[in-house]
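To start, the structure under review is shown below, and the notes come after it.
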Amino acid sequence: MEDCIFCKIVRGELPSRKAYEDEDVLVFHDIHPIAPVHLLLIPKAHVASLADCGPAHQALLGKLLLLAPRLAREHGLTEGFRTMINTGRGGGQEIFHLHLHVFGGGERIPKI
Ligand code: 5GP
Ligand code: ZN
């Protein structure tokens, strides 16, 4: 995807603070963190949102979810963390390349 910001980060055309990378997944720090630790876990291959995923994405989605506690632990979130996927404009999604937010640390996150 030519103009997608996160695809540009994957291709190295835009800088990011990387936290993890493998053949399928890239993890980097959110540019506007809402907590002391705020990571974005993305597939390297472009998929616009969770609503655009199908059975072919099952393993990828499992991989992203299972990476969340590992990366949270590695970033010192011993008390826990929150995961979030915004989907579509109605769900508050601003970047239309699927991403899993993982954040926490500092003050206790308000209950939602
Ligand atoms: P969304 O609202 O789509 O779920 O979240 C998009 C997130 O991407 C936001 O938290 C925003 O701060 C982050 N973001 C937007 N542009 C960039 C960027 O160029 N680099 C990084 N690291 N994060 C970004
Ligand atoms: Zn993309």
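Some values worked out for this structure:
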{"read-out": "For residue 107, net neighbour charge (Lys/Arg +1, Asp/Glu -1) across residues whose Cβ lies under 14 Å away", "value": "+2"}
{"read-out": "For residue 85, net neighbour charge (Lys/Arg +1, Asp/Glu -1) across residues whose Cβ lies under 13 Å away", "value": "-1"}
{"read-out": "The chain - convex hull of alpha carbons, volume per residue in Å³", "value": "110 Å³"}
{"read-out": "Under-5 Å amide H pairs with residue 37, H placed in peptide plane, nonlocal only", "value": "104"}
{"read-out": "Highest-first arrangement of 42-50, 102-110, where packing means the average Cβ count within 10 Å", "value": "42-50, 102-110"}
{"read-out": "C-alpha long axis of helix 58-74 to longest principal axis of the chain, angle in °", "value": "30 degrees"}
{"read-out": "Charge dipole (the chain, unit charges on Cβ, about Cα centre) - positive-most of 83, 109, 5", "value": "109"}
{"read-out": "Intensity falloff of the range 1-62 expressed as log10 I(q)/I(0), Debye formula with alpha-carbon point scatterers, at q = 0.17, 0.18, 0.26, 0.28 Å⁻¹", "value": "-0.62, -0.70, -1.21, -1.28"}
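Any read-out appearing in this document is the output of simple, stated calculations on the displayed coordinates, not a laboratory observation. Given the structure is predicted, the values throughout are model-derived calculations rather than measurements. Ideal geometry is used to build each Cβ from the backbone, glycine not excepted, and the neighbour counts take in all protein chains shown.
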